[in-house]
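The values are calculated or read from the model by the stated rules, or taken from the named source; none is laboratory data. If you're wondering where the values come from, they're calculated on a predicted model, not measured in any experiment. Ideal geometry is used to build each Cβ from the backbone, glycine not excepted, and the neighbour counts take in all protein chains shown. These accessible areas exclude ligands, DNA and RNA; they are computed on the full protein's heavy atoms, side chains included. Shrake-Rupley method; radii C 1.70, N 1.55, O 1.52, S 1.80 Å.
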Amino acid sequence: MRLRDVITCGLIAALLGGGVSPVSAQVVSSMTVGAVVGEAVATTTLQNLLFGRTFPGTPRAVAPTDNNPAGPQAGLVYIKGQKNKDVLVSFSLPPSLTSGSNSMPVDTWTGCHNPTNTTTGCTSFTPSFSGTLMQLIGNPADPPPRTSGHRYVFIGATARPAASQAAGTYTGTVTVSVVYF
Amino acid sequence: MKLVSRYTLGIALVASTLAASAASAQATVNASATVASALQVFTRDLDFGTVFPGVNKAVDFADAAAGKTSGRFNFAAEAGSTISLTWGAIPSSLTGPGAATLPFTASGLEGCSSTSATAVGCTVNYTFASGNITMPAGTAGTQTNRYIFVRGTVAPSASQAAGAYSATITVTAAYTGS
């Protein structure tokens, strides 16, 4: 055996020797799987939309800023959920109000939303079925742990009684759907 | 919005129609309006009946007999509402055959606004100036009535041409919205 062959055999033996070393003790590893369930989103109707007394042939508009308990008064929905989360607020809007078999068109829906229960400085938007994104904002006045966010949504519209509109009380329902975005 | 978000949104909206969930919520706002009673105007013509040349003839507010009847506008509208009245030109004479005119006396036509249909006790208190009037109070959704009576005195001349004479008083009434 030549010297080069001796060295080669030695290397092979060394490699084989390393592969048969004893298996080490069992290694235990762990990881933490966590989740934090945020605050559920909830809605509360604070005010209904009141047109009040309307007159045949004269459109009656309610602005989001109107707040007369006898009418005109804007509709108002309060949304509460996880602070700083976005929500998509969508609307199902009636095309008319009804009184028995009579109906009266209602259109030109308008809205304004604000983190606090005031229309001062509120953000205007147009209520729609496709929805509007709004952010739930915390209020420093909230009690600890201050994880909640708030949004107040004011809704207005215009009722259009015909000149021959039958007298009576006309009603309809606006459905407001809120989902975390 | 990313595609993934669209799917998420779609699922959430469907869920909201099935049951309340932590990720969505729904509220309803009732919308209501009370439509007032229709506005109506009924008239009774001012009728001097037969007059004779050179003899004045007066019709007072409370006159309601055939041949001597005061004019009366009867406004029927929502209780407590306000309506606007816009008057056309108030005639100072009647027009008859061949464009002949039959004048009123200097006091012209006079008005009395009243809630009484009979004008008993009515005095001159209305000038036919355009403006608003308030309907008497009453049950919401019902009509109340206000009346404006018209009186005057015609002064046919001694040579007044015989024939029928007439003029028109026009008023436009509308709800003001309050």
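Helix B:3-18 and the long axis of chain B differ in direction by around 70°, with both axes built from C-alpha atoms.
Find the accessible area per residue for segment B:24-124; the probe is 1.4 Å, ligands and nucleic acids are left out, and the unit is Å². Each step should come with its number before you reach the end.
Numbers: 4430 Å² over 101 residues.
Ligands and nucleic acids excluded, the figure is 44 Å² per residue.
Across A:87, A:27, A:153, mean-square fluctuation computed from a Gaussian network of chain A (C-alpha pairs under 10 Å connected) peaks at A:27. The distance separating the Cα centre of segment B:84-106 from that of segment A:38-58 comes to 53 Å.
Here each label is just a point 7 Å from Cα along the line to Cβ, and for residue A:116 and residue B:28 those points are 3.3 nm apart. Take the Cα of residue B:174, go 7 Å toward its beta carbon, and the backbone nitrogen atoms of segment B:57-94 under 14 Å from that spot belong to B:83-88. Just to confirm the number: angle between the C-alpha axis of helix A:3-19 and the first principal axis of chain A, 0 to 90 degrees, nearest 10? Once rounded, one gets 50 degrees. Modelled spin labels at residue A:146 and residue A:173, positioned 7 Å past Cα toward Cβ, are 3.9 nm from each other. Counting Lys and Arg as +1 and Asp and Glu as -1 over every other residue whose Cβ lies under 9 Å from the Cβ of residue A:39, the net charge comes to +3. Dipole magnitude for chain B: about 520 debye, using +1 per Lys or Arg Cβ and -1 per Asp or Glu Cβ, origin at the Cα centre.
Most fluctuating residue of B:141, B:108, B:163 in a GNM of chain B with Cα springs under 10 Å: which is it? Comparing B:141, B:108, B:163 in the GNM, the peak value goes to B:163.
So, with a 1.4 angstrom probe, what is the percent of accessible area on segment B:80-178 that is carbon and sulfur?
Numbers: 2510 of 4700 Å².
Heavy-atom surface of segment B:80-178 belonging to carbon and sulfur, 1.4 Å probe: 53 percent.
Express the carbon and sulfur contribution to the solvent-accessible surface of segment A:116-181 as a percent, rounded to the nearest whole number, probe 1.4 angstrom. Intermediate results must be reported in sequence, preceding the final value.
On the way: 1720 of 3070 Å².
Of the solvent-accessible surface of segment A:116-181, carbon and sulfur hold 56 percent.
Other residues lying with their Cβ under 15 Å from the Cβ of residue A:62 contribute a combined charge of +1, Lys and Arg counting +1, Asp and Glu -1. The distance linking segment A:131-181 with segment B:38-64 is 58 Å (Cα centroid to Cα centroid, whole angstrom).
Could you report chain A's accessible area per residue, 1.4 Å probe, as an integer in Å²? Don't skip to the answer; put the middle values down first.
Working: 10050 Å² over 181 residues.
So chain A comes to 56 Å² accessible per residue, rounded to a whole number.
Once the Cβ-Cβ distance of residue A:27 and residue A:85 is raised to the sixth power relative to R0 = 56 Å, the FRET efficiency obtained is 0.85. Burial here means at least 50 square angstrom less accessible surface with every protein chain in place than with the chain by itself, probed at 1.4 Å; in segment A:50-68 the buried residues are A:53, A:55, A:56.
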